[in-house]
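Asks: Following this message is one structure expressed as structure tokens.
The values are calculated or read from the model by the stated rules, or taken from the named source; none is laboratory data. Keep in mind that what you see is a predicted model, and the values were worked out from it rather than measured. No Cβ is skipped: glycine too gets one built from the backbone with ideal geometry, and neighbour counts run over all protein chains shown.
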Amino acid sequence: MMKLSLGPILWFWSKQTVFDFYARAAEWPVDTIYLGEAVCSRRRELKPGDWFDLARDLKACGKDVVLSTQTLIESEADLRRLRRICDQHEFAVEANDQSALQVAIQNAIPFITGPSMNVYNVATLKVLARQGLKAWNLPVELGKEALGQLLEGLREESIDAPAEVFAWGFLPLAWSSRCFTARHYNLPKDNCEFRCLEHPDGMALRSRESQELFRINGISTLSGSRYDLMRELPEMQRMGVSTIRLSPELQGMDEVVKRFDQVRCGEVPSTDPLQLVEAPPCNGYWYGKPGMDLVGL
Amino acid sequence: MELVCPAGSLPALKTAVDNGANAIYFGFRDSTNARQFAGLNFNDKRAAEGIEYAHARGARVFTAINTYPQPEGWSQWKSAVDRAASLGVDAIILADMGLLDYAANKYPEIPRHLSVQGSATSYEALSFYKDNFDIRRAVLPRVLSLDQVRGVAKRSPVELEVFAFGSLCIMAEGRCYLSSYLTDESPNTRGACSPAKAVRWQETAQGLESRLNGVLIDRYGQGEAAGYPTLCKGRFEVEGDVYHAIEEPVSLNTLDLLPALRDLGIRAVKIEGRQRSPAYIAEVARTWRHALDNLEASNQAFAVEPQWQTTLAGLSEGGLTTLGAYHRKWK
């Protein structure tokens, strides 16, 4: 059976909110939990020690825990945090940048490449498989055709590299050195007053015709529509996808996990849409269309 | 410091050489490079002519093969590397790890430069590329402040090239999927951002509208200068405010930083713009040549001449330039 994973929390939540979220997640039917700050170096509600404690707690609850790393590495302080995460042999790490690949390889820690790592072909996977690749995420802009070819190529070359697919949530699409939340409030990034805390699901960026385009979330930009591949799970299973990634949201996540769990167990998906934060659904990338498109519903 | 100029055509290449470029970079006429535009770029015959022209005048030529091949494109991208090798280029600019691996094994003698699309923003990332593919040089993404560039440069295992002038990407390059989210093409997959095929202009009662795959990117009032609808430079609404929520239409210009970049040991400055005309390339190359020559001659007393800035501002998006992320406050 395909595994379910909870990706790293891409938003900025208070320490207590994070602890409460994972206390609930410990009870959910997810197999893998990614923990850690993957977006902004200024988000330090949880210290590295807090993340390690949380990781051990969740491991004790039977979860497979992976420590996530920051996607855009800009400074020596960022590298120090990265080394701290990689200075252990209890957990695999999610490498979201080549800096993390380098440090993980040098420390001989198994790594999983995150969705922002550019894995577009089998030759790339071969390079990584030689050096400790445990699994890899399909880049969000690729769909079933490329995935099918990648999986076929891996089989032909007898490379054991399980694939994970981002299947539910707002898609992480871009990272900048600029903070768009601070920009919105006319604050300098270095003195942002941590306004992201007020937006636990990011801020909607709309066209002047009120079309939901993106969600701004600190230095990152996410899709304005919510990616939802629930109905594609049977096909993914046939293709040989190993893990389905769900991206955390503050509200209703238990219900999302429940439904994906039902579908992976072969139950017919419920047709009524999930009403969480109000956002249109999309699935275009899976079909090789613009990511914002909704195909077949 | 080396002046690296873009060429989207043979006339542009010759113009760049004639106006003082030390090196020129070009791409083939397909999606294997990050500036895929109709009618732009080189076939093998044109490339051979350009390389001969440049080499005869002491300039070097690099080929950019800096998009990410998917399985069905793998043989085409691989053959682009083979073509560049057989043309005798001085370096190949690559981003994809698979392709870097192929080039390093098959053509170890041809220098490999890491494209800005390889997203290397730290010396650890640079070490990864150096250890695995023995890259000689890397182009740094336009997201680092000058202090951060200093931190990278101090411990970089390879030569560094930085962007000097031209369009400003404000997202970490190589990891921006905004374009494929609104259209079906991105820099990574097709070498295109906000592709022209998806652009529509419409005169309406509310003003001139620019759209990308139907999405309203901007609307211009009377007398407002309209720009190409690059999706991150439009005006959008966030919590009731309509503004350039991501970035203004503006160009990067780092003339002021030249002495600092030299002191950091930066080996080359890069001009963006393979999509630009030969006339544009001529003016930009000439201006930067003057600046670099003055820098070399003047040692500590380098001063930016107002005329250079006027020329460059006139060639910029919206007539505006910025130091971008090099300047901490921009962030």
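Asks: When both residues are 6+ apart or on different chains and their Cβ atoms are under 8 Å apart, which pairs have a first residue that lies in region B:112-140 and is acidic (Asp, Glu), and a second that is surrounded by fewer than 24 Cβ atoms within 10 Å (Cβ to Cβ) and outside any strand (DSSP E or B)?
Replies: Final answer for the pair search is B:124/A:79; B:134/B:104; B:134/B:108.
Asks: Name every residue in region B:97-143 that is surrounded by fewer than 19 Cβ atoms within 10 Å (Cβ to Cβ), of a type in the set (Asp, Glu) and in a helix (DSSP H, G or I), in order of residue number.
Replies: B:101, B:131
Asks: For region B:234-251, state whether one or more residues are under 17 Å from residue A:210 (Cβ atoms) and under 22 Å from the mean Cα position of the chain (by Cα).
Replies: yes
Asks: Condition first: under 18 Å from the mean Cα position of the chain (by Cα) and among the charged types (D, E, K, R). Now tell me which residues in region A:182-223 satisfy that.
Replies: A:201, A:215
Asks: Further question on the same structure: Are there helices (runs of 4 or more DSSP H) fully within region A:77-162 with at least 3 residues that are at pLDDT 95 or above and of a type in the set (Phe, Trp, Tyr)? List them.
Replies: none
Conditions tested, residue by residue: (1) of a type outside the set (S, T, N, Q); (2) crowded, with 20+ Cβ neighbours inside 10 Å; (3) in contact (Cβ under 8 Å) with a residue 24 or more places away in the chain.
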site	(1), (2), (3)
B:177	yes, yes, no
B:182	yes, yes, yes
B:188	no, yes, yes
B:219	yes, yes, no
B:223	yes, no, no
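Asks: Would you point out the residue of region A:169-206, among those that are touching a Ser or Thr at 6+ places or on another chain (Cβ under 7 Å) and part of a strand (DSSP E or B), that is nearest to residue A:43 (Cα to Cα)?
Replies: A:175
Asks: Being assigned to a helix (DSSP H, G or I), facing chain A (nearest Cβ under 10 Å) and crowded, with 24+ Cβ neighbours inside 10 Å, is that true of even one residue in region B:153-170?
Replies: No, that holds for no residue.
Asks: What are the residues in region B:37-55 that are surrounded by fewer than 19 Cβ atoms within 10 Å (Cβ to Cβ) and assigned to a loop (DSSP other than H, G, I, E, B), if any?
Replies: Passing the criteria: B:37, B:38, B:39, B:40, B:43.
Asks: Please determine, by comparing only the residues of region B:59-117 that are β-branched (Val, Ile, Thr) and touching a helix residue (DSSP H, G or I) at 6+ places or on another chain (Cβ under 8 Å), which one is nearest to the other protein chains (Cβ to nearest Cβ).
Replies: Taking the candidates together, the pick is B:67.
Asks: Could you list, in sequence order, all residues of region B:236-289 that are small (Gly, Ala, Ser), assigned to a loop (DSSP other than H, G, I, E, B) and in contact with a strand residue (DSSP E or B) (Cβ under 7 Å, 6 or more places away or on another chain)?
Replies: Within region B:236-289, B:245, B:273 qualify.
Asks: Turning to a different aspect of this structure: When you go through (1) more than 10 Å from chain B (Cβ to nearest Cβ); (2) farther than 19 Å from residue A:5 by Cβ; (3) surrounded by fewer than 19 Cβ atoms within 10 Å (Cβ to Cβ); (4) in contact (Cβ under 8 Å) with a residue 24 or more places away in the chain one by one for residue A:162, which number turns out not to apply?
Replies: (2)
Asks: Continuing with the same structure: Considering only residues of region B:118-139 that are over 19 Å from residue B:107 (Cα atoms) and aliphatic (A, V, I, L, M), which is farthest from the other protein chains (Cβ to nearest Cβ)?
Replies: Applying the filter and picking the extreme gives B:139.
Asks: Going by the structure shown, is residue B:132 touching a helix residue (DSSP H, G or I) at 6+ places or on another chain (Cβ under 8 Å) and not assigned by TED's automatic domain parsing to the domain that holds residue B:320?
Replies: no
Asks: With assigned to a loop (DSSP other than H, G, I, E, B) and either touching a Lys or Arg at 6+ places or on another chain (Cβ under 7 Å) or surrounded by 23 or more Cβ atoms within 10 Å (Cβ to Cβ) (or both) as the only criterion, which of B:80, B:12, B:34 stands out?
Replies: B:34
Asks: Can you tell me which residue in region A:75-120 is nearest to the other protein chains (Cβ to nearest Cβ), limited to those that are surrounded by 24 or more Cβ atoms within 10 Å (Cβ to Cβ) and over 20 Å from the mean Cα position of the chain (by Cα)?
Replies: A:102
Asks: Say whether the condition of being facing chain B (nearest Cβ under 7 Å) and within 21 Å of residue B:181 (Cβ to Cβ) is met by at least one residue in region A:181-199.
Replies: Looking through region A:181-199, at least one residue is facing chain B (nearest Cβ under 7 Å) and within 21 Å of residue B:181 (Cβ to Cβ).
Asks: Hey, could you check region A:121-146 for residues that are in contact with a strand residue (DSSP E or B) (Cβ under 7 Å, 6 or more places away or on another chain) and in contact (Cβ under 8 Å) with a residue 60 or more places away in the chain and say which is nearest to the other protein chains (Cβ to nearest Cβ)?
Replies: Here the residue is A:140.
Asks: Could you go through region A:227-245 and let me know if any residue there is within 27 Å of residue B:235 (Cα to Cα) and under 17 Å from the mean Cα position of the chain (by Cα).
Replies: yes
Asks: Please find, within region B:227-258, the residue that is nearest to residue B:324 (Cα to Cα) out of those that are of a type in the set (A, V, I, L, M, F, W, C) and without any contact (Cβ under 8 Å) to a residue 24 or more places away in the chain.
Replies: B:245
Asks: Need a quick list: strands (runs of 3 or more DSSP E) entirely within region B:181-228 having at least 1 residues that are acidic (Asp, Glu) and either at the interface with another protein chain (Cβ under 10 Å from one of its Cβ atoms) or closer than 16 Å to residue A:289 by Cα (or both).
Replies: B:207-212, B:215-220
Asks: Hey, residue A:208 hits all of (1) within 10 Å of another protein chain (Cβ to nearest Cβ); (2) touching a residue at least 40 places away in the same chain (Cβ under 8 Å) but one; which does it fall short on?
Replies: Unmet for residue A:208, out of (1) within 10 Å of another protein chain (Cβ to nearest Cβ); (2) touching a residue at least 40 places away in the same chain (Cβ under 8 Å): (2).
Asks: Moving on. Determine which member of the set B:133, B:165 is over 17 Å from the mean Cα position of the chain (by Cα) and either within 23 Å of residue B:26 (Cβ to Cβ) or of a type in the set (Ser, Thr, Tyr) (or both).
Replies: Result: B:133 is the single residue among B:133, B:165 that is over 17 Å from the mean Cα position of the chain (by Cα) and either within 23 Å of residue B:26 (Cβ to Cβ) or of a type in the set (Ser, Thr, Tyr) (or both).
Asks: So how many residues does region A:165-175 have that are surrounded by fewer than 24 Cβ atoms within 10 Å (Cβ to Cβ) and facing chain B (nearest Cβ under 7 Å)?
Replies: Residues in region A:165-175 being surrounded by fewer than 24 Cβ atoms within 10 Å (Cβ to Cβ) and facing chain B (nearest Cβ under 7 Å): 0 in total.
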